[in-house]
């Protein structure tokens, strides 16, 4: 093996970094806290983006693009939102550089080019979008507005991790405007379903759908819906959020509409987003000590074909067979790569594609040609099998479906085995320390208890599951009465 | 007509703004110089982006994503590039806001959160990308690198115009690294061809391929190739550029590779880009006084169907026929919209879709049903025809091709009629004042003469055409000897 991967047991965090960097998904840059998403990682993101984008369009949304900058006065209009993001804002204060008279070849900020009003680099776009919607909405006929944007956002983080927490990241943010609260809530719920569908059926990532507690809510939201996933180290990861914003932003930006009875009211809003953080979730949910394991539906390459040969004659024969196979696979919509690079040995290629998580590997040698077979290897289970060339492309297509399902099932089994009930504080602490995962426990519903639990254990309330069963009980910490269990976990 | 469009004759510049805003392509925002690209405009951009992206991938390129911010010390490394962009840089100096103690509810920049080193919001990404390539390139085996990125960039402009010149805009920027100068030049030339192909065959925009004079070259380039288009007011517009960067950035960032003989050399580079500015070019090249005229290949909707009926019975019959037609058109890959909104009259819809430039309109009424016909209207020529329902979808598909070609031909005829030779300064000035367009004239090859001509007439050298015929002559201004004509024009 050319590239050493730290094992999960040895150092989980280093294992993650090794996968991201050696798997060529992303890399550090000269800019503090900002990463480069490398071509292989970006191809993965493109597949995720395209699938999501289609789902958004199928549910009636359209894309648009709003400015990167938010003037400070707009940014501060919705007070809670502003308060929530103020501490992590990159701020543009000047619009020009000039030659530094004290240092040849160097530039300095031109003090004469100070902006009258500072510009915040968007950490999220509610403010700039609602200040624009104000001009677009007069009557109920202008509603609903169902807009999404794919964009970069900046949240200044002191401690960063590739994909999981970077100063700049890519995401999509939906911003919708509605005539009624009911319609807006329905929209927020619909988008939660879309996210859950995407996570489970494309990323093979089982998620729990829920609602956030007040303390974990998006700044400026009335309700935050979320999907929560579980990583292999027993920590949870918030994989997507959908917010019912009530009339908060409409009030902040004075966006009113006249209804059919010509009565004026503030507009109702939602916003919802997922980001490149999902790539971090994907890496941590499925991969093993040999590298990435990517679900076929979003893998940049679903199949890699490696020839094993001696001399040009054998190579030519293999090439001819592979050309046919590649054509068949492409016709079937499979993303396939034929790696006949002669500067690398088959063994090196095997390790490389294992590291990169290509779901299915096909090896074909001289003896295979004689026997009319190939060797197929699954990345997820590492199973190898010799199979006939006849009907091979169909076989591969169904294998890809099997692999997709198997990766999901494995993650789901792990996740399901890591939702544990705790009925006493001692149990709660024991599960956290020894097993991790989600803990289903009673909570008295107060932010104070929630904060105290976080302080004591670093565990937070991940969500109150959507389909929660009502059950009388007593709070795990305070002993006060509780009407339902909620899900706690330590989280990314 | 509900929306008044200023005519070109009356006020060309206002005509353009009317089309962009009333055609729902873009709008102003609360951020100085920044626009919002509205859903209809963004759908157009998506079609352009997808077509270009496929062309980039077909020529071996992959996408990636690099940081938005460039630390000042990196930005200034390539001196000419830095000098070229320093005057239009948005600069991030702080990473936090805090409550303003003097103003309740207001925020202020936190002076304690000043960055040690300022961050430039990328006006272009050579600096950040080459500082990253340094870590990726050691040997000739690491070359070529053929990366493109789709991103937002910021260039602080004092006078802005929607799409044509905004502080923030969207673009793609290719950044490639090569082992030889020859290979890099070939790449730059190849991408010029890709741009010309896209402009002519997708945007129906005839372009002249050329090389820039030294004064018009990209800051940091050895050679800038460009495609130049002509707008209906006789002004030229640079529609795309492809730069051979030599070893300038490799030297600035010390990026060397060892060749097959183990000899170290600096890497050779190109960069190339087109932006949302192309949408401005599209609007100005084809549209008329009634609104936009969009080429079918990139139009958000290629066909709109409008029902004309009285009462629910007629509507139901029309619906049934249209459902079939829509299905057929979609199967044929046509982007079609059925507008059966009952709150708007057909006449209003006709004007609206004319304004929005939908290439083909189909109207279908009760009498059409009886006669087994529909009325088809072409947006470009305003021709109307009654055609049979039989084979209608095929008829429409070929009509879309015809329209695409006709729009191109019309723009090309106009452009060709506006390339005029001038052999004296008097002729040059007369053409500029009375006719506009490109002027083919001799130039002595010096930046001084070029600058003087610009000063006198605002005309600049748009390019030295790639396929220029060598021809002895004397400079239009200085009378000094010249070896070839170059193309002058006033430009956007």
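The values are calculated or read from the model by the stated rules, or taken from the named source; none is laboratory data. Just so we're clear, the structure is a prediction, and the values are computed from it rather than from any experiment. Methodologically, a virtual Cβ is constructed for each residue, glycine included, from the backbone with ideal geometry; neighbour enumeration extends over all protein chains shown.
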Could you tell me which residue of segment B:95-106 is nearest to residue A:106 (Cα to Cα), considering only residues that are modelled with pLDDT under 95 and facing another protein chain (nearest Cβ under 7 Å)?
B:106
Of all residues making up segment B:419-436, the number that are within 19 Å of residue B:469 (Cβ to Cβ) and in contact with a strand residue (DSSP E or B) (Cβ under 7 Å, 6 or more places away or on another chain)
4
Which members of segment A:331-367 meet the condition of being closer than 22 Å to residue A:5 by Cβ, surrounded by fewer than 19 Cβ atoms within 10 Å (Cβ to Cβ) and in contact (Cβ under 8 Å) with a residue 12 or more places away in the chain?
A:337, A:339, A:346, A:348, A:350, A:351
Scanning segment B:16-38 for residues that are surrounded by fewer than 22 Cβ atoms within 10 Å (Cβ to Cβ) and assigned to a helix (DSSP H, G or I), the one nearest to the other protein chains (Cβ to nearest Cβ) turns out to be B:21
For the list (1) over 15 Å from the mean Cα position of the chain (by Cα); (2) in contact (Cβ under 8 Å) with a residue 60 or more places away in the chain; (3) under 28 Å from residue A:486 (Cα atoms); (4) outside any loop (DSSP other than H, G, I, E, B), I need the number of the one condition that residue A:243 fails.
(2)
Qualifying position, being under 16 Å from residue A:400 (Cα atoms) and touching a strand residue (DSSP E or B) at 6+ places or on another chain (Cβ under 7 Å), among A:322, A:306, A:362
A:362
Does residue B:242 satisfy the criteria of being touching a strand residue (DSSP E or B) at 6+ places or on another chain (Cβ under 8 Å) and surrounded by fewer than 19 Cβ atoms within 10 Å (Cβ to Cβ)?
no
Between A:86, A:77, which is under 30 Å from residue A:114 (Cβ atoms) and facing chain B (nearest Cβ under 7 Å)?
A:86
What is the residue count in segment B:469-492 for residues that are in contact (Cβ under 8 Å) with a residue 40 or more places away in the chain and either farther than 25 Å from residue B:434 by Cα or within 32 Å of the chain's Cα centre (by Cα) (or both)?
11
Using beta carbons and a limit of 9 Å, which pairs, at least six apart or on different chains, have the first residue in segment B:54-68 and more than 7 Å from chain A (Cβ to nearest Cβ) and the second one buried (at least 22 other Cβ atoms within 10 Å of the Cβ) and part of a strand (DSSP E or B)?
B:56/B:148; B:56/B:174; B:57/B:148; B:61/B:147; B:61/B:148; B:61/B:174; B:61/B:176
In the set A:92, A:109, which member is more than 23 Å from residue A:64 (Cβ to Cβ), modelled with pLDDT of 95 or more and at the interface with chain B (Cβ under 7 Å from one of its Cβ atoms)?
A:109
Test: residue A:182 is out of contact with any helix residue (DSSP H, G or I) (no Cβ under 8 Å at 6 or more places or on another chain) and without any contact (Cβ under 8 Å) to a residue 24 or more places away in the chain:
yes
Hey, can you tell me all the residues within segment A:158-172 that are within 10 Å of chain B (Cβ to nearest Cβ) and surrounded by fewer than 17 Cβ atoms within 10 Å (Cβ to Cβ)?
A:158
Out of the residues in segment B:120-134 that are at the interface with another protein chain (Cβ under 7 Å from one of its Cβ atoms) and out of contact with any helix residue (DSSP H, G or I) (no Cβ under 7 Å at 6 or more places or on another chain), state the one that is farthest from residue A:97 (Cα to Cα).
B:132
If a residue counts only when it is over 25 Å from the mean Cα position of the chain (by Cα), which strands (runs of 3 or more DSSP E) contained entirely in segment B:261-354 have at least 2 such residues?
B:264-266, B:303-308, B:336-338
Those residues of segment B:137-150 which are facing chain A (nearest Cβ under 10 Å), touching a strand residue (DSSP E or B) at 6+ places or on another chain (Cβ under 7 Å) and over 16 Å from residue B:270 (Cα atoms) amount to B:150
Scanning for something more than 22 Å from residue B:92 (Cα to Cα) and touching a strand residue (DSSP E or B) at 6+ places or on another chain (Cβ under 7 Å), does segment B:119-131 turn up at least one residue?
no
Go through the residues of segment B:173-193 one by one and say whether even a single one is modelled with pLDDT of 95 or more, in a loop (DSSP other than H, G, I, E, B) and within 14 Å of chain A (Cβ to nearest Cβ).
no
